[in-house]
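Presented below is the structure to which this report refers.
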Amino acid sequence: MVLQRSNCYNHPDRYGHATCMTCKKTVCQECATEWDGINYCSPCLANRRKTSGTRSPVMGYILVLLAAAGLFAIGPKLLVWSATLLQRSFE
């Protein structure tokens, strides 16, 4: 088995250093960027950065509101229950 050396997709006169894990193009050391331990070419890294920061905070707000509503509904019942247990322990 013979290993064949690939050239950079952007610079054909340079040897390939890494393979972009998104588009599978071979890129040289200048073109390769490692992000979270994974190699990317410049266009794929730009797309990845653009899409990674567009998470909507709405789901987080919904979860916080549901947790607050649950505590508001269960809180008084827990207080009455604990007061009853405390009262029984002194009898």
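Here, each number is a calculation from the coordinates, and none is a lab measurement. The shown structure was predicted, so the numbers you read here are calculated from the model rather than taken from an experiment. Ideal geometry is used to build each Cβ from the backbone, glycine not excepted, and the neighbour counts take in all protein chains shown.
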Inset, instruction - Could you work out which residue, out of 18, 46, 73, moves most in a Gaussian network model of the chain, that is, has the largest mean-square fluctuation with Cα springs under 10 Å? - result: 73
Inset, instruction - Give me the orientation-averaged projected area of the Cα convex hull of region 19-83, in nm², one decimal. - result: 7.0 nm²
Inset, instruction - Rounded, prolate or oblate: pick one for region 1-54, where a ≥ b ≥ c are the square roots of the eigenvalues of its C-alpha gyration tensor, a/c under 1.5 means rounded, and failing that, prolate if a/b is larger than b/c, else oblate. - result: prolate
Legend entry - Listed residues 33, 82, 21: farthest to the positive end of the dipole of the chain (Cβ charges): 21
Legend entry - Percentage relative contact order, region 1-54, counting C-alpha pairs under 8 Å, at least six apart: 24 percent
Legend entry - Label-to-label distance, nm, for residues given as residue 10 and residue 88 (7 Å Cα→Cβ offset): 7.1 nm
Legend entry - Helix 42-52 vs. the chain, principal-axis angle (Cα, 0 to 90°, nearest 10): 10 degrees
Inset, instruction - Mind pulling the angle between the C-alpha long axis of helix 58-89 and the longest principal axis of the chain? Nearest 10 degrees, somewhere in 0 to 90. - result: 30 degrees
Inset, instruction - Would you pull out the residues with amide H under 5 Å of residue 7's amide H, same chain only if 5 or more places away, H placed 1.01 Å from N? - result: 16
